[in-house]
Amino acid sequence: MNKAIEMRNVSAAYGDNEVLRQISLAVDMGEFLVIIGPSGCGKTTLLKLINGLVVPTKGEVFVAGERLSDCDLTALRRKIGYAVQGAKLFPHLTVEDNICYVPCLERKMTKEEKQALTEKMLAMTELSPELASRFPSQLSGGQKQRVGIARAMAAQPDILLMDEPFGAVDEITRRTLQEELSVLQKKTGITIVFITHDIEEAFNLGSRILIMKDGVIWQEGKKEELLHAPRDGFVRQLIGGM
């Protein structure tokens, strides 16, 4: 199977602080990989390596077979969706302009094209078309998060990176968003790399779960593999009562 993402013996540091050590990882096209681990274990840094926001101190990162050190990172980032906690929408732009932001960077869009794309993305994320003219301040937390996903998907990326995207919403909304994302991923076949600190969320969403500790991959596998053969007490404690 073709690899969407590959890391070969990758390390990363902020100054003298090495946060990732000798990471080797391959993510297949269409896979839903969930990364979980305690704060400071390197989850977000690993995600940022994929779109070139962090440059490795050692090793190589490939996206769709292309070495990141050889490619145009600005063009690459426009092809990778990125959704984070709290959505981080542009507050001065309407929902429509937020959703169409990256496609409009790629080419000039007519009013009709923007409207059609917005309606399509709102429908995909279970939102009313009436929200298109609203500003982020006029949306609920769950609506903002859905718009964030719609914006990330609008450029039709092959890869979607998500950093605790549902952390800022209530539990009921969170479960609904998880279900919708799972359906969306199966429908589109997009590759998703998803960070969470919630093991239940990881098990609900991931086709494969990667557990991190102290800047290394501590254990990885499917839900059943982790439940039946945890590596050690750290993994057992993380899994808890699952």
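The values are calculated or read from the model by the stated rules, or taken from the named source; none is laboratory data. Predicted model, so just to flag it, every value in this text is computed and none were measured. Every residue, glycine among them, receives a Cβ derived from its backbone with ideal geometry; neighbour counts consider all protein chains shown. Quick note on the areas: whole protein, heavy atoms, side chains included, nothing else; ligands and nucleic acids left out. Shrake-Rupley method; radii C 1.70, N 1.55, O 1.52, S 1.80 Å.
In whole angstrom, the chain maps to an equivalent ellipsoid with semi-axes of 30, 22, 15, each derived as √(5λ) from the alpha carbon gyration tensor and ordered largest first. When all C-alpha to C-alpha distances in segment 136-188 are sorted into bins of 10 Å, what percent of pairs does each bin hold, rounded to whole numbers? Per 10 Å bin, starting at zero, the Cα-Cα P(r) for segment 136-188 comes out as 22, 58, 19, 0 percent.
Taking amide H as placed 1.01 Å from N in the peptide plane, the amide H of Val84 sits under 5 Å from that of Asp163, each at least 5 places away or on another chain. Cross-link reach is defined here as a Cα-Cα straight distance under 20 Å, omitting same-chain residues fewer than 8 places apart; for Lys144 the aspartates and glutamates meeting it are Glu96, Asp97, Glu119, Glu126, Glu130, Asp163, Glu164, Asp170, Glu171, Glu179, Glu180, Glu201.
Placing dummy labels 7 Å off each Cα toward the beta-carbon, the span from Asn9 to Glu179 is 4.8 nm. Overall, the chain carries a charge dipole of about 280 debye about its Cα centre when +1 sits on the Cβ of Lys and Arg and -1 on the Cβ of Asp and Glu, all other atoms neutral.
Mind grabbing the base-10 log of I(q)/I(0) for segment 73-117 at q = 0.23, 0.25, 0.29 Å⁻¹? Debye formula, identical points on the C-alpha positions, no solvent, two decimal places. With no solvent term, the Cα-only Debye profile gives -0.94, -1.05, -1.17.
Given a 1.4 angstrom probe, I'd like the percentage of the accessible area of the chain that is carbon and sulfur, rounded to a whole number.
Details: 5720 of 11850 Å².
Looking at the chain in its full context, I get 48 percent from C and S.
Site pair Leu105 and Glu171 shows an inter-label distance of 3.8 nm when each label is modelled 7 Å from Cα along Cα→Cβ.
Ignoring lysines fewer than eight residues from Lys58 along the same chain, the ones with Cα atoms less than 28 angstrom from its Cα are Lys3, Lys43, Lys48, Lys79, Lys213. What number, in percent, do you get for the relative contact order of segment 157-200 if the mean sequence gap of Cα pairs under 8 Å and at least 6 apart is divided by its residue count? 63 percent.
Rounded to the nearest 20 Debye, what is the dipole magnitude of segment 114-242 about its Cα centre when Lys and Arg each give +1 and Asp and Glu each give -1 at the C-beta? Walk me through the numbers on the way to the answer.
Details: 16 positive and 18 negative charges, 67 e Å.
Value, rounded to 20: 320 debye.
Its convex hull of Cα atoms gives segment 113-242 a direction-averaged projected area, equal to a quarter of the hull surface, of 9.1 nm². What are the residues whose amide H is under 5 Å from the amide H of Lys222, where those residues sit 5 or more places off or on another chain and H is modelled from the backbone? Under 5 Å from the amide H of Lys222: Ile209. Rolling a 1.4 Å probe over the protein heavy atoms gives the chain an accessible area of 49 Å² per residue. A simple rule links phi to the HN-Hα coupling: the Karplus curve 6.51 cos²θ - 1.76 cosθ + 1.60 with θ = phi - 60°, which for segment 74-79 gives 4, 5, 4, 5, 6, 9 Hz, with x for Gly and Pro. Between Lys58 and Arg231, the simple label model (points 7 Å from Cα in the Cβ direction) yields a spacing of 1.7 nm.
State to the nearest 20 debye the size of the charge dipole of segment 182-242 about its Cα centre, where the only charges are +1 on K and R beta carbons and -1 on D and E beta carbons. Please list the in-between numbers first.
On the way: 8 positive and 8 negative charges, 47 e Å.
The dipole magnitude comes to about 220 debye.
Using equal-weight Cα scatterers in the Debye expression, the normalised intensity of segment 1-51 in log10 at q = 0.15, 0.17 Å⁻¹ is -0.43, -0.55.
Tally the DSSP beta bridges in the chain and give the antiparallel ones as a percent, rounded to 5.
Working: 20 of 39 bridges.
For the chain, the DSSP antiparallel bridge percentage is about 50.
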